[in-house]
Amino acid sequence: MADPQFFNNHGPFTLSELAATAQGELSEGADVAMVLRDVAPLSLAGPDQVSFLDNRKYIAEFEKSGAGACIVAPGMAKHAPPGMALIICGSPYKAYALVAQKFYPRPRHPGAICAGACVDPTARLGDDVYVSPGAVIGAAAEIGSGSFIGANAVIGDHVMIGAGAWVGPMTSICCALIGDNVTLHPGVRIGQDGFGFAPDPGGFVKVPQLGRVIIQDNCDIGANTTIDRGTGADTVIGEGTWIDNLVQVAHNVRIGRRCIIAAQTGISGSTEIGDYVMIGGQAGITGHLKIGDGAMIAAQAGVMRDVAARERVVGSPAMPAKQYFREVASLAKMAKPKGQPDE
C-alpha cells in the first residue's frame, strides 16, 4: 500500500475511467460509477481499491481477494469472487501499470533554480526546468523544457539533455548527448573515462578517451549504473532501452533499441548489441562481440563468443540453452550414486 507521506494519490476515479485508461472492457453488470480510491495487491485490496491478476500462481489469492475491481485476462475471469468488478484486457500487467500511473503520476515541478544550485551563465535551460539545491550545470550545457535536475547532480560543460528528462540526485554527466524523456536514477555516472590503457613494463599508459556517450529518447538508466564514453567512436544506448541498477557499460559499446539489461550486468568494450535483446542479472559479456537482435542471455551467463539473432544462451561459458540443460542433466545422472532410482 502506498504511504501518503511519500506518494501523492491523484484519485479517486470511477470504474469507467479506469477501464478507459486500461484499454479494457468491463465485466457484465459492473457498476460503471463505482468509485475506486487506490491500487493494491490482491491479498490486501479492499472494496474501494483495484488490483490485477497476471500470473496463474496467484489464482487462489484472486479467488479470495476483497478488491472492488480487478484487471484480468479473459481466461482468468471465471475465477473471480462474486461481486468483484472486472476490467478485462489482453495484457493485465501493462493495464495495471497505466492505472497505477493514473493514481500516482510522476511528480511535476514548476520551473525554478533553487538556492544553492550553480548554473553557468552560458548554459541554456528550456521552459519549466527545475534545478534542485546543490546541482551544478556547466558552461554551454543545454537542458530541454520540463526537465528535472536532482540535488547535487553535476551536468558537465556542453552536455545536451532533451526535453522531459529526469536526472536523479548525485548523478554526474559529461561528454554526453541525451535525448528526450530519459530517466537517470540517482548516482548514475555518464561519460567518464573508459578503461583504456596500453600495457608497458614501466607501467600502464593511459589511452585518451575521446568519444562521447549518446543516449537516445525514452531510455531508463538505473541507480549507480556507469556508462563510459568511447575511446574514439561513441558509446551508444538505443531508443527505449531500459538498464537496471549497477550495470557497467564500457567504452565503445553500442546497444540497440528497446533492450532490457538486468542488474549487475557487465558489458566489455566495443561489443555491439542488437535491438530487443534481453540480458539477465549478473551476466558478463566480453569485448568486441556481436549480440544479434532478439537474443536472450540468461542470468549469470558468461558470454565469450558472438550470439546469433534470437539465440538463447545459458551458463558460463555461455552456450545454447538446450545444450546447457542437456549437459546439466547428463552430469546429474553421472553423479547419482549407484542404485539410486531416477526421480
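Read-outs throughout are calculated quantities, based only on the coordinates presented, and are distinct from any laboratory measurement. A quick note: this is a predicted structure, and the numbers were derived from the prediction, not measured. Reconstructed Cβ throughout: ideal geometry from the backbone, glycine too, with neighbour counts over all protein chains shown.
Just a few scattered comments:
- By the count of neighbouring beta-carbon atoms within 10 Å, fewest first, H251, H158, H10 end up ordered H10, H158, H251.
- Residue with peak Gaussian network fluctuation, the chain [Cα springs, cutoff 10 Å], from A332, A250, A233: A332
- Counting Lys and Arg as +1 and Asp and Glu as -1 over every other residue whose Cβ lies under 14 Å from the Cβ of A299, the net charge comes to 0.
- Between A97 and K78, the simple spin-label model (points 7 angstrom out along Cα→Cβ) gives 2.9 nm.
- DSSP-defined antiparallel bridges as percent of all bridges, the chain, nearest 5: 10
- Estimated dipole of the chain in Debye, rounded to 20 [Cβ of Lys and Arg +1, of Asp and Glu -1, Cα centre]: 1020
- Radius ratio Rg over Rh of the chain, counting only Cα atoms, Kirkwood formula for Rh: 1.06
- Toward the positive end of the charge dipole of the chain, with +1 on the Cβ of Lys and Arg and -1 on the Cβ of Asp and Glu, the farthest Cα among H10, Q300, S27 is that of Q300.
- For K206, neighbours were defined as the other residues whose beta-carbon sits under 15 Å from its Cβ, and their charges (Lys and Arg +1, Asp and Glu -1) total -2.
- For K322, the shell of other residues with beta-carbons less than 14 Å away shows a net charge of +1, using +1 for Lys and Arg and -1 for Asp and Glu.
- For segment 141-238, the set of chymotrypsin sites (Phe, Trp or Tyr not before Pro) satisfying both a DSSP loop assignment and a count of at most 16 other C-beta atoms within 10 Å is given as F195, F204.
- Where trypsin sites (Lys or Arg not before Pro) fall in DSSP loop in segment 233-307, at most 12 other Cβ within 10 Å: R305
- Relative contact order (%) - criterion: Cα under 8 Å, at least six apart; region: the chain: 7
- When peptides 276-289, 181-194, 308-321 are sorted by average Cβ neighbour count within 10 Å, with the highest value leading, the order is 181-194, 276-289, 308-321.
- Alpha-carbon centroids, segment 109-161 and segment 260-291: separation in whole Å: 32
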